[in-house]
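Below is one structure; the comments refer to it alone.
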Amino acid sequence: MLLLFASCENYVDVNEDQSNSPEFAAISPNQMLAGAINNFTSHQVITLATFGNRLTYVWGLNSGFTSTDAAYTYAFSSGDYTGNFETAYLFAANFQDILNKKDAYPGYENHFAIAKLFKVMSMDYITALYGDVPYSEAFRREIKSPKYDDDKIIIAGLFKELDEAKAYFNTPNAIPLDKEDIVFGGDISKWKKFLNTVELRLILRLSKTTDASLIALRNSRIASLTKDFITEDVRVNPGFFDGVVAQRSPTYRAYGLNEAKSDWTSANRANAAGDFIADILNGELSDANINSTGIVDPRRARMFTLVGGKVLGNVQGIFPLTAISRVSATYIGRVGSGSDQNGIEKDAFLMLAAESHFLQAEAIERGYITGSALASFNAGIKASFDFYSTPWGTLNSTSFPPINTTGLSSYLTAISGKNGLDYTGSTDKINAIITQKYLALAEWSGIELYIDQLRTGFPNTPLPVGASQSKRPNRLIYPSSEYSTNSANTPTVTNADLFSVNSKTPYYLQ
């Protein structure tokens, strides 16, 4: 793995379009793939997750910190969360660079399939956050000011690109994947399952739509969906090690110790548990949608640090004066003997197995696919407990005791009949599915929590104290860079446009 970093030194952490390199023509798809995957993963688990965790009340502020972050004030501008657009396009372009090698490097169909899949995931998040965006002209270098495409057309195009990825994977005698596959180690069958799961995720994006063309698209994709989904946590690790900061695991890099390992990063000190999720985990929430009264979640100490024996959350919009629960050592990876090394080398996660199970549970509940929604629901909870019971690095079952044995059975017994936590005991089954998915994916995949909340209304979290709007934002404003360099094509979006359903609202909410 060290050789991978050495041989791809300029491409593991790509900060510009790879085609800008003077050696671009000589770089083969296999040399480009690991860097592109690694960058997308870091973007997902840091930039996208941070935004989602704040918007869905997973995170608040720790004591000693104040903030004018739009996630807490709801006063958004073209300068807020610009990485969700600018960085996202940069990394999507890295995958397009690989696809542009098709004629010069025949035989790399497996690599092209993966590049297609990641390009789809990149564009999925961009459209979910911004609606109409450049797509058909976005990756054509000769076009300096690409047009904005209707996001309803883009989503159809993304499904088509998934079909193209499937065809690539099924190409006979394609060059096998090698060390550049930093996800599944060359196992094509797992890549196909992951692709199917991503497709199911896109189908469920369309669960709320009332647009006739999108309903027809959804129904056609349900009919053709291959119902063979991922059953394991999707891990990424190109060989994280204690070199420069960029070569460390992304969660440790952002939320662990600084470069010198002499102090916590500012992100670690600033981010704390939100009081909404804290109340669920402590067994102290009872409202019309969720009743967690008396149920202490065994996962809570592996999600956040405990203060006074419980998760102490921040009320968003209020600046706390006393210590609040911070992100946990488990989240950072900094646990056990050799704790820093454990955190530095820990896998990053593209998708948790729990997400796959909850996607299936929701799809079954909605009648999209057949099966037992209850069984998939319980499998999702179990997968989450398994995730928080799995050691890494120098850890073992003694230094990292599992919580998935008696803890899981006790939890399932405790939630029985509890609205919002138990499938059978909930009046709205989608509420229970999305709430348990929220608990399973909290911190790790915040962007999915945000999209789910807008799409389903669950969980129904409070608004930040002092928020300038009475609803959650449906999208973001295009970055100022677009208004300055592509002004003729970039739609005008105001802060007010974010809080109503209108022509500028992303497709999945129309």
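The values are calculated or read from the model by the stated rules, or taken from the named source; none is laboratory data. Keep in mind the model is a prediction, meaning the values are calculated, not measured. Ideal geometry is used to build each Cβ from the backbone, glycine not excepted, and the neighbour counts take in all protein chains shown. The protein model used for the area step is the full one, side chains on, heavy atoms only, and it has no ligands, DNA or RNA in it. Shrake-Rupley method; radii C 1.70, N 1.55, O 1.52, S 1.80 Å.
A few notes on this one:
- DSSP bridge orientation in the chain - percent antiparallel, rounded to nearest 5: 90
- Cross-link pairs exceeding 29 Å in C-alpha to C-alpha distance, out of Lys119/Lys437; Lys190/Lys261; Lys346/Lys429, comprise Lys190/Lys261; Lys346/Lys429.
- Computed from backbone phi, the HN-Hα couplings of region 390-407 come to 8, x, 8, x, 8, 6, 9, 5, 7, 7, 9, x, x, 10, 9, 9, 5, x Hz, rounded to whole numbers (Karplus: 6.51 cos²θ - 1.76 cosθ + 1.60, θ = phi - 60°; Gly and Pro given as x).
- Placing Thr505, Thr305 in order of accessible area, with the largest value first and a 1.4 Å probe, yields Thr305, Thr505.
- Pairwise label distance in nanometres, Ser77 with Asp228, each label 7 Å out on the Cα-Cβ vector: 5.2
- Relative contact order computed over region 313-376 (Cα-Cα under 8 Å; 6+ residues apart), in percent: 16
- Ordered from highest to lowest accessible area with the whole protein assembly present and a 1.4 Å probe, Asp422, Asp187 read as Asp187, Asp422.
- By definition, a body whose alpha carbon gyration tensor gives a ≥ b ≥ c is oblate when a/c is 1.5 or more and a/b is not larger than b/c, and region 383-451 fits this oblate description.
- With every protein chain in place and a 1.4 angstrom probe, the accessible-area ranking of Leu217, Leu117, largest first, reads Leu217, Leu117.
- Relative contact order for the chain, counting Cα pairs under 8 Å that sit 6 or more residues apart, in percent: 22
- Ligands, DNA and RNA aside, Tyr507 has an accessible area near 0 Å² when probed at 1.4 Å.
- Sequence-distant residues sharing a close amide H with Met351 (under 5 Å, placed H): Val234
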